[in-house]
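The structure appears below as structure tokens.
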There are 2 protein chains.
Amino acid sequence: MDIPYKIYLTEEEMPKAWYNIKADMKEQHEPFINPATGKPCTKEDLLPVFCEELVDQELNTTDRFIEIPEEIRNFYRMYRPSPVVRAYCLEKALGTPAKIFYKYEGSNTSGSHKLNSAAAQVYYAKKQGITKLTTETGAGQWGTALSMACAYFGVDLTVYMVKSSSQQKPYRKAVMETYGAKVIPSPSDTTEVGRKILAEDPDSPGSLGCAISEAVETAVKTENCRYVLGSVLDHVLLHQSVIGLEAKTALEKYGIYPDIVIGCAGGGSNLGGLMAAFMADKLQGKKAPKFIAAEPLSCPSLSRGKYAYDFGDTGRITPLLKMYTLGSGFMPAPNYAGGLRYHGMSPIVSKLYHDGYIDEVRAEEQRRVFEAATLFARVEGTLPAPESSHAIRVAIDEALKCKETGEEKVILFGLSGTGFFDMSAYASYLDGTMTDYVPTDEELAASFAKLPQVG
Amino acid sequence: MDIPYKIYLTEEEMPKAWYNIKADMKEQHEPFINPATGKPCTKEDLLPVFCEELVDQELNTTDRFIEIPEEIRNFYRMYRPSPVVRAYCLEKALGTPAKIFYKYEGSNTSGSHKLNSAAAQVYYAKKQGITKLTTETGAGQWGTALSMACAYFGVDLTVYMVKSSSQQKPYRKAVMETYGAKVIPSPSDTTEVGRKILAEDPDSPGSLGCAISEAVETAVKTENCRYVLGSVLDHVLLHQSVIGLEAKTALEKYGIYPDIVIGCAGGGSNLGGLMAAFMADKLQGKKAPKFIAAEPLSCPSLSRGKYAYDFGDTGRITPLLKMYTLGSGFMPAPNYAGGLRYHGMSPIVSKLYHDGYIDEVRAEEQRRVFEAATLFARVEGTLPAPESSHAIRVAIDEALKCKETGEEKVILFGLSGTGFFDMSAYASYLDGTMTDYVPTDEELAASFAKLPQVG
């Protein structure tokens with residue numbers, strides 16, 4: 001059967017349930033620790049921050065599938081199913097015998113996969129009677145996605161946007177405002193933690209960790225308000241499992257099973273969502289692909305981080321998570337892949353990597369990433385996000401290996417988003433002013449020394 | 001049968017031929033006139049400006065269908081078929097019994113339908129051995145589309161971008177450069193006509209007409225170079241017929257035929273492409289929809305223009321076209337719908353309107369357009385381009401009429417593009433600083449007085 005350029009599922013073939021990978025994991029990741037008590041977080045500890053249904057999903061380790069409510073499936077129908085695309089033109093440009101596929105999550109206005117979890121989180125908040133939400137955003141894709149979901153379901157939203165991103169991407173702010181959100185560059189003077197950071201460094205470019213602190217502080221101090229997070233947490237990965245479920249079903253229609261699955265990893269929601277349906281095979285002892293995580297050399301949490309308990313935020317107010325971390329005080333150098341500038345990593349992804357289920361991590365230098373991005377844009381048409389371009393880089397490298405060996409491997413990578421709002425990054429690549437920064441061992445050691453002591 | 005949110009054709013169902021509406025028109029529009037001789041343009045007159053196959057298509061009034069070459073169909077497969085979307089959420093928000101559908105042409109990196117003709121034009125140029133192309137761009141969508149096609153087929157490109165648009169949309173320029181194009185704000189000092197305009201008004205915001213003059217001048221003065229145009233001409237409308245062909249086939253799958261077809265009209269390529277397959281029915285005396293063109297109040301070529309011979313450009317160097325025109329010297333007020341800021345209108349669209357085949361024209365005020373755009377974005381998710389939002393405005397008004405009368409009309413409109421690069425426009429709408437300008441009768445009369453005398 002000829003493989004089309006784009007494989008679409010019908011709306012009836014779309015997943016009706018999310019896949020909860022934890023139900024298949026041999027060992028669970030360590031529980032959250034309440035930093036105030038030093039003990040594992042209870043459901044009650046989490047309820048002031050997150051709405052109840054999401055807490056239940058966060059703690060659910062037994063149900064393999066969790067039904068997607070009809071209202072969320074209707075929201076999904078506005079922009080899903082997303083296609084699995086055969087990168088015929090990229091294959092030809094590389095002269096590789098490899099078959100390259102990508103799951104494209106960028107063809108919605110938020111420009112990324114983030115909308116999959118935004119819709120779910122806002123729906124459950126609304127259902128619980130929550131009227132206000134807060135969040136942080138790095139590259140702006142999560143904030144945009146959440147703004148769209150909040151506009152649709154009718155919930156107020158305040159977004160703390162990493163200051164360096166808000167300066168690089170002024171129009172992202174305008175998109176969120178068009179959808180009715182209030183956008184505050186972080187660190188800001190609207191929170192205690194923000195004021196403290198500004199006092200130490202008035203020119204702080206901010207970070208995801210810092211923006212998280214501000215959003216959480218505002219949520220717990222505001223009536224009928226909750227905090228929502230676009231990555232890292234188990235329930236976010238649960239929602240993102242639609243990516244891999246759809247991709248697997250689409251490829252199966254043509255009798256295809258990938259040899260390699262590649263995803264970029266910042267907080268872990270894209271990689272976790274893309275690989276879950278395939279990782280299920282590995283966890284069940286079946287034939288499975290090789291899994292490769294791609295991250296930036298300037299923020300290498302998986303490749304150079306410690307597997308340890310740490311705060312999820314810079315302000316050290318969240319529960320402690322056992323994860324690969326560069327230290328919650330680590331301030332990643334400015335990098336155009338704003339969505340990957342996070343000190344930690346999803347506990348699920350961390351555990352799977354630690355236990356050897358994720359085969360490999362590649363930390364990529366930003367100019368090599370944009371070289372891949374520009375090639376991809378020119379031959380495949382679609383302009384990729386800098387984050388996703390880390391996965392493109394690895395996919396191209398794997399395809400070039402196949403060219404040497406003659407192997408016809410099937411490569412699947414996640415094209416998690418588009419680069420429409422990253423043009424200053426592309427411009428800096430094109431005019432040769434782009435640089436990159438690799439943290440020194442000393443910097444990392446100093447950051448690790450500040451990790452919280454647990455147990 | 002339940003109508004899904006999005007109706008996709010398979011790649012096999014995509015059109016294999018473009019529809020040439022002229023073969024069905026009872027009367028052809030008047031021929032181009034060569035301003036130097038005062039006589040109808042011959043094929044030879046056009047060959048220094050356009051490549052041969054496109055000239056043949058431009059002059060073809062007999063073949064109802066013209067085959068789409070395999071290479072172009074492969075390019076189309078990267079981003080087509082585009083979906084027909086049922087606007088369930090907009091219907092609900094309006095409380096209308098009308099069934100609203102839109103053909104969505106924005107889910108490619110160029111962000112609009114323009115890619116359909118760009119691919120064809122670059123392919124034919126390459127086939128003829130042309131190595132360089134020039135063009136103009138207003139909103140930037142055509143320039144981006146052409147940059148993508150030139151990158152794919154390997155042809156050099158220089159884009160003259162309307163200066164006001166290049167200032168409003170700096171990142172559009174960066175996108176085109178990422179795809180390897182050279183971008184020059186127009187009017188510029190690189191051409192005689194540009195230097196003349198700058199001498200008269202150094203602060204000229206430019207216009208599509210002026211950018212066309214510069215691009216044509218450069219094309220004819222450069223070896224092995226041709227000019228390509230993103231709208232207006234018959235061969236562009238021919239390529240854009242895929243929009244309506246796909247839409248008609250998609251709706252037929254569910255037994256649906258529209259009562260009303262609405263398209264925004266700047267140069268006419270979107271409206272012409274969307275309506276052609278349906279207009280075929282009207283031309284053949286069958287049941288047909290009501291056709292409504294939407295244009296900006298500030299540049300009302302159809303509603304207030306003269307049906308007369310005029311130059312296609314400000315510099316008065318193109319052939320004369322019989323069309324609805326505000327006068328080639330008319331400088332439209334700055335308006336965020338850059339793609340609709342053109343003094344003239346496609347000769348095919350003009351002829352169809354003049355002969356009563358297009359039923360109605362609505363000239364819309366910019367704030368009402370953005371009111372519609374913002375509502376659409378919030379309930380349907382997708383952020384529309386200002387140009388397309390003119391059609392949304394009319395569709396909403398028609399749906400609200402149905403609410404009054406209780407009629408369940410089927411409305412189809414063209415969502416020709418996305419608003420990712422129009423955030424300064426949305427910001428100006430949201431903060432209340434958006435204004436609009438309606439040309440006075442005196443201004444138009446003065447412009448009409450300068451129309452060229454023909455015959």
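At-a-glance table
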{"read-out": "Selection count where residues are crowded, with 22+ Cβ neighbours inside 10 Å and modelled with pLDDT of 95 or more, scope the stretch A:195-213", "value": "0"}
{"read-out": "Flag for A:ASP56 being more than 14 Å from chain B (Cβ to nearest Cβ) and free of Cβ contacts under 8 Å to residues at least 24 places away in the same chain", "value": "yes"}
{"read-out": "Test: residue in the stretch A:430-452 that is closer than 30 Å to B:SER107 by Cβ and part of a helix (DSSP H, G or I)", "value": "yes"}
{"read-out": "Hits in the stretch B:128-165 - residues which are of a type in the set (Ser, Thr, Tyr) and either more than 14 Å from every other protein chain (Cβ to nearest Cβ) or outside any helix (DSSP H, G or I) (or both)", "value": "B:THR131, B:THR134, B:THR135, B:THR137, B:THR158, B:TYR160, B:SER164, B:SER165"}
{"read-out": "Residue count for the stretch A:214-249, restricted to those that are open to solvent by 10 Å² or more (accessible area, probe 1.4 Å) and among the small types (Gly, Ala, Ser)", "value": "1"}
{"read-out": "A:GLY305 being open to solvent by 10 Å² or more (accessible area, probe 1.4 Å) and closer than 19 Å to A:HIS390 by Cβ", "value": "yes"}
{"read-out": "Some residue of the stretch B:335-346 being within 14 Å of another protein chain (Cβ to nearest Cβ) and either touching an Asp or Glu at 6+ places or on another chain (Cβ under 7 Å) or open to solvent by 20 Å² or more (accessible area, probe 1.4 Å) (or both)", "value": "yes"}
{"read-out": "Any chance B:ASP422 is within 12 Å of another protein chain (Cβ to nearest Cβ), among the charged types (D, E, K, R), farther than 21 Å from B:PRO83 by Cβ and surrounded by 17 or more Cβ atoms within 10 Å (Cβ to Cβ)", "value": "yes"}
{"read-out": "Lone qualifier among B:SER269, B:SER350 - being at pLDDT 95 or above, closer than 28 Å to B:GLU442 by Cα and of a type in the set (Ser, Thr, Tyr)", "value": "B:SER350"}
{"read-out": "Members of the stretch A:112-138 that are within 30 Å of A:LEU251 (Cα to Cα), within 13 Å of the chain's Cα centre (by Cα) and open to solvent by less than 10 Å² (accessible area, probe 1.4 Å)", "value": "A:SER112, A:LEU115, A:ASN116, A:SER117, A:ALA118"}
{"read-out": "Sole exception among (1) touching a strand residue (DSSP E or B) at 6+ places or on another chain (Cβ under 7 Å); (2) over 30 Å from A:LYS409 (Cβ atoms); (3) not in a loop (DSSP other than H, G, I, E, B) for A:LYS103, by number", "value": "(2)"}
{"read-out": "Some residue of the stretch A:177-185 being surrounded by 24 or more Cβ atoms within 10 Å (Cβ to Cβ), in contact with a helix residue (DSSP H, G or I) (Cβ under 6 Å, 6 or more places away or on another chain) and assigned to a helix (DSSP H, G or I)", "value": "yes"}
{"read-out": "Subset of the stretch A:46-79 that is touching a strand residue (DSSP E or B) at 6+ places or on another chain (Cβ under 9 Å) and open to solvent by 80 Å² or more (accessible area, probe 1.4 Å) - its residue that is farthest from B:PRO83 (Cα to Cα)", "value": "A:ARG64"}
{"read-out": "The stretch B:406-419, subset at negative phi and in a loop (DSSP other than H, G, I, E, B), residue farthest from the other protein chains (Cβ to nearest Cβ)", "value": "B:GLU407"}
{"read-out": "Selected residue (criterion: nearest to B:LEU229 (Cα to Cα)) from residues of the stretch B:146-158 that are touching a residue at least 40 places away in the same chain (Cβ under 8 Å) and touching a strand residue (DSSP E or B) at 6+ places or on another chain (Cβ under 7 Å)", "value": "B:LEU146"}
{"read-out": "Residues (open to solvent by 10 Å² or more (accessible area, probe 1.4 Å), in contact with a Gly (Cβ under 9 Å, 6 or more places away or on another chain) and within 21 Å of B:SER110 (Cβ to Cβ)) located in the stretch A:378-415", "value": "A:ARG378, A:THR382"}
{"read-out": "Some residue of the stretch A:7-16 being over 25 Å from the mean Cα position of the chain (by Cα), surrounded by fewer than 14 Cβ atoms within 10 Å (Cβ to Cβ) and over 30 Å from B:VAL85 (Cα atoms)", "value": "no"}
{"read-out": "Hey, A:LYS103 charged (D, E, K, R) and within 25 Å of A:ARG172 (Cβ to Cβ) or not", "value": "yes"}
{"read-out": "Hits in the stretch A:139-167 (condition: open to solvent by 20 Å² or more (accessible area, probe 1.4 Å), at pLDDT 95 or above and out of contact with any Gly (no Cβ under 6 Å at 6 or more places or on another chain))", "value": "A:TYR152, A:PHE153, A:GLY154, A:ASP156, A:THR158"}
{"read-out": "Conditions (1) modelled with pLDDT under 95; (2) over 14 Å from B:HIS235 (Cα atoms); (3) of a type outside the set (Gly, Ala, Ser); number of the one not met by B:CYS51", "value": "(2)"}
{"read-out": "Subset of the stretch B:353-367 that is part of a helix (DSSP H, G or I) and out of contact with any Leu (no Cβ under 9 Å at 6 or more places or on another chain) - its residue that is farthest from the other protein chains (Cβ to nearest Cβ)", "value": "B:HIS354"}
{"read-out": "All positions within the stretch B:80-107 that are modelled with pLDDT under 95 and open to solvent by 10 Å² or more (accessible area, probe 1.4 Å)", "value": "B:SER107"}
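So that you can scan it fast, the table gives a plain yes or no per residue for (1) over 28 Å from B:GLY356 (Cα atoms); (2) within 14 Å of chain A (Cβ to nearest Cβ); (3) in contact with a Lys or Arg (Cβ under 7 Å, 6 or more places away or on another chain):
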residue: B:LEU9; (1), (2), (3): yes, yes, no
residue: B:TRP18; (1), (2), (3): no, no, no
residue: B:HIS29; (1), (2), (3): no, no, yes
residue: B:GLY38; (1), (2), (3): yes, no, no
residue: B:VAL49; (1), (2), (3): yes, no, yes
residue: B:ARG64; (1), (2), (3): no, no, no
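Residue-wise test of (1) touching a residue at least 12 places away in the same chain (Cβ under 8 Å); (2) in a strand (DSSP E or B); (3) touching a strand residue (DSSP E or B) at 6+ places or on another chain (Cβ under 8 Å); (4) open to solvent by less than 30 Å² (accessible area, probe 1.4 Å).
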{"residue": "B:GLY267", "(1), (2), (3), (4)": "yes, no, no, yes"}
{"residue": "B:PHE291", "(1), (2), (3), (4)": "yes, yes, yes, yes"}
{"residue": "B:ALA294", "(1), (2), (3), (4)": "yes, yes, yes, yes"}
{"residue": "B:ASP310", "(1), (2), (3), (4)": "yes, yes, yes, yes"}
{"residue": "B:THR318", "(1), (2), (3), (4)": "yes, no, yes, yes"}
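The values are calculated or read from the model by the stated rules, or taken from the named source; none is laboratory data. Here the structure is a predicted model, which means the values were calculated and not measured. Every residue, glycine as well, gets a Cβ built from its backbone with ideal geometry; the counts of neighbours run over all protein chains shown. Remember, those area values only see protein heavy atoms, side chains included, never the ligands or the DNA or RNA. Shrake-Rupley method; radii C 1.70, N 1.55, O 1.52, S 1.80 Å.
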